[in-house]
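Contents: one structure, followed by commentary.
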Amino acid sequence: MKIIKGEELKEDFFAYKETENVSSVKEIIQAVYRRGDEAIKEYTRQFDGVDLKKIRLDVSEIKAAYHHVEKTVISALERSTENIKIFAELQRNQFKDFEVELAPGVFTGQRVIPIQRVGVYVPGGSFPLLSTLVMCVIPAKVAGVEEIVICSPPTYQNSIHPAILVAADVVGVNEIYRIGGAQAIAAMAYGTETIKRVDKIVGPGNRYVTQAKKEVFGVVGIDFIAGPSEITIIADEMSDPDVIAMDLLAQAEHDVDAEPILITTSEELANRVKKAVLHYLNNLATKSIAQISICQNGIIILVDNLDEAIVIANKKAPEHIELQVKEPEVTVDQLKNYGTLFIGENSAEALGDYSSGLNHTLPTNTTARYSGGLGVYNFLKLQNILNVTAEGLSTIGPIAKTLAEAEGLDGHEKSIKIRM
């Protein structure tokens, strides 16, 4: 990891990073749109080396997956889902129907209605991201989504990893398709002979999946465009260099493009963390990934004080911020832009990934400036209602008539006038 001073940071450090378009993605989407299942099978043979006989898994195949997953993993998964559900239910309680008489005879209201059908993309490349599945499904379930479909690539013995199938069963989803990549996104967006189209697609993926979500946005809703994972740790001289080093490596092992960053007021801590990172990296099973991320993207930023650290963090707007300082409560309210904030040494970012109840599907690539993480609200529609009596029309009608006239919209003005 390189160590630099805060004033040496260039503007591109804070810039939104455009992803390079993959020319074949549009072609894949169009092929699936036109040829449906036939195109899906063709691309699955091409990209995954799997000749699909059936696209959808049978319930018996899902249940059989339990024989291939450790009971301790299943137990941990069940306990994790309970925490996620509790947190999601608290979110759901923030959204309520209401009706209010805004003026005499003018009744306005809000209805909170769940999206009907949602598609969840679960990556199945280097690691079986069963935690991603439950993080996407549970908020949708709590929101009241009636139909949830899962797509994941057949990268484990020509099918989906058993841990992903068990996770799906634990959260009560049995409509599962063994397809991945851009072809899976296209299938969920447009539908095929086998797959019924969805209303919204959520879940992360590689650059093919990311670009495909961009391409189909509008035809369906999406959660957001997820980039490489990020962590920014703010620390002072009281922080533990070993803890910080491991948290940086935990983020680095996600992807070679992950961004592990430390901002500190202590040069001594910076040097100790750099040394600890190299030490722990040698014993990391995911060293081949983490080493590239640490060497290419890992940065330790030296600042004069915590105020400078806060300015940098807010401008960077990272996916995760860990606040490991002597008096974190003094700093918390000044941090504005992040996916999730982890306060204090014991609040490891990895807890947010698995067992804390928080959702780990979060904004990246500076988008935490205007967006939060995935939650129940992503699966709800807040719809307006208006009911006007004759008395109400006499109150607000003239206002609307005057404004329509001012805008030169004659039809609008006359549609009010004819009622009056």
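The values are calculated or read from the model by the stated rules, or taken from the named source; none is laboratory data. As the structure is a prediction and not an experimental result, all values here were calculated from the model. All Cβ positions, glycine included, derive from the backbone under ideal geometry; neighbour counts span all protein chains shown.
Do we find a residue being touching an Asp or Glu at 6+ places or on another chain (Cβ under 6 Å), more than 24 Å from Arg45 (Cα to Cα) and in the same structural domain as Arg35 (by TED's automatic domain parsing) anywhere in segment 188-202? Taking every residue of segment 188-202 in turn, at least one turns out to be touching an Asp or Glu at 6+ places or on another chain (Cβ under 6 Å), more than 24 Å from Arg45 (Cα to Cα) and in the same structural domain as Arg35 (by TED's automatic domain parsing). If you take the residues in segment 77-105 that are out of contact with any helix residue (DSSP H, G or I) (no Cβ under 8 Å at 6 or more places or on another chain) and in a helix (DSSP H, G or I), which one is farthest from Phe379 (Cα to Cα)? Ranking the qualifying residues of segment 77-105, first place goes to Arg79.
So which of Ile160, Ile164, Ile150, Ile115 is within 23 Å of Val50 (Cα to Cα), of a type in the set (A, V, I, L, M, F, W, C) and either in contact with a strand residue (DSSP E or B) (Cβ under 6 Å, 6 or more places away or on another chain) or free of Cβ contacts under 8 Å to residues at least 24 places away in the same chain (or both)?
On the way: Ile160 fails: either in contact with a strand residue (DSSP E or B) (Cβ under 6 Å, 6 or more places away or on another chain) or free of Cβ contacts under 8 Å to residues at least 24 places away in the same chain (or both); Ile164 fails: either in contact with a strand residue (DSSP E or B) (Cβ under 6 Å, 6 or more places away or on another chain) or free of Cβ contacts under 8 Å to residues at least 24 places away in the same chain (or both); Ile115 fails: within 23 Å of Val50 (Cα to Cα).
Only one candidate qualifies: Ile150.
Could you check, for segment 330-350, whether at least one of its residues is within 20 Å of Ile4 (Cβ to Cβ), assigned to a loop (DSSP other than H, G, I, E, B) and touching a Ser or Thr at 6+ places or on another chain (Cβ under 9 Å)? Taking every residue of segment 330-350 in turn, none turns out to be within 20 Å of Ile4 (Cβ to Cβ), assigned to a loop (DSSP other than H, G, I, E, B) and touching a Ser or Thr at 6+ places or on another chain (Cβ under 9 Å).
Right, Ser293: surrounded by 14 or more Cβ atoms within 10 Å (Cβ to Cβ) and assigned to a loop (DSSP other than H, G, I, E, B) or not? When the stated conditions are applied, Ser293 does not pass them. Confirm whether Pro139 is part of a loop (DSSP other than H, G, I, E, B) and either within 13 Å of the chain's Cα centre (by Cα) or not small (Gly, Ala, Ser) (or both). No; evaluated as a whole, the condition is false for this residue. Checking segment 99-119 against the condition returns no match, with no residue being under 20 Å from the mean Cα position of the chain (by Cα), modelled with pLDDT under 95, surrounded by 15 or more Cβ atoms within 10 Å (Cβ to Cβ) and not acidic (Asp, Glu). Just so you know, in segment 52-76 the residues that are part of a loop (DSSP other than H, G, I, E, B) and basic (Lys, Arg) include one that is nearest to Val376 (Cα to Cα), and it is Lys54. Checked across segment 247-260, the condition of being crowded, with 23+ Cβ neighbours inside 10 Å, under 29 Å from Tyr43 (Cα atoms) and in the same structural domain as Lys336 (by TED's automatic domain parsing) holds for at least one residue. A single member of Leu362, Leu380 is closer than 24 Å to Phe95 by Cα and touching a Leu at 6+ places or on another chain (Cβ under 9 Å), and it is Leu362. Cβ-Cβ distances below 7 Å connect the following pairs, each with a first residue in segment 346-359 that is over 16 Å from Ala252 (Cα atoms), a second residue that is in a helix (DSSP H, G or I) and of a type in the set (Ser, Thr, Tyr), and a separation of six or more residues or different chains: Tyr354/Ser80; Tyr354/Ser131; Ser355/Ser80.
When segment 310-324 is filtered for residues that are touching a strand residue (DSSP E or B) at 6+ places or on another chain (Cβ under 8 Å) and either in a strand (DSSP E or B) or farther than 15 Å from Thr265 by Cβ (or both), the ones remaining, listed by number, are Lys316, Pro318, Glu319, His320, Ile321, Glu322, Leu323, Gln324.
Provide a single number: the residues in segment 207-227 that are assigned to a strand (DSSP E or B) and either of a type outside the set (Phe, Trp, Tyr) or within 10 Å of the chain's Cα centre (by Cα) (or both).
Total meeting the criteria: 3.
Among the residues of segment 335-347, are any β-branched (Val, Ile, Thr), in contact with a Leu (Cβ under 8 Å, 6 or more places away or on another chain) and at pLDDT 95 or above? Taking every residue of segment 335-347 in turn, at least one turns out to be β-branched (Val, Ile, Thr), in contact with a Leu (Cβ under 8 Å, 6 or more places away or on another chain) and at pLDDT 95 or above. Any idea which of (1) surrounded by 13 or more Cβ atoms within 10 Å (Cβ to Cβ); (2) free of Cβ contacts under 8 Å to residues at least 60 places away in the same chain; (3) more than 25 Å from Val149 (Cα to Cα) is the one Tyr370 doesn't satisfy? Checking Tyr370 against (1) surrounded by 13 or more Cβ atoms within 10 Å (Cβ to Cβ); (2) free of Cβ contacts under 8 Å to residues at least 60 places away in the same chain; (3) more than 25 Å from Val149 (Cα to Cα), the one that fails is (1).
Of the residues making up segment 1-23, just one is over 30 Å from Ala313 (Cα atoms) and surrounded by 14 or more Cβ atoms within 10 Å (Cβ to Cβ), namely Val22.
Under the condition of being over 17 Å from Ile86 (Cα atoms) and in contact with a strand residue (DSSP E or B) (Cβ under 9 Å, 6 or more places away or on another chain), the residues counted in segment 330-360 number 15.
This table checks each residue for (1) assigned to a loop (DSSP other than H, G, I, E, B); (2) of a type in the set (Ser, Thr, Tyr).
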{"site": "Leu374", "(1), (2)": "yes, no"}
{"site": "Tyr377", "(1), (2)": "no, yes"}
{"site": "Gln383", "(1), (2)": "no, no"}
{"site": "Asn387", "(1), (2)": "no, no"}
{"site": "Glu391", "(1), (2)": "no, no"}
{"site": "Ile399", "(1), (2)": "no, no"}
{"site": "Glu405", "(1), (2)": "no, no"}
{"site": "Lys414", "(1), (2)": "no, no"}
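Only a single criterion out of (1) within 24 Å of Lys10 (Cβ to Cβ); (2) at pLDDT below 95 is not satisfied by Ile261, namely (2). Scanning segment 63-81 for residues that are among the hydrophobic types (A, V, I, L, M, F, W, C) and under 25 Å from the mean Cα position of the chain (by Cα) yields a count of 4.
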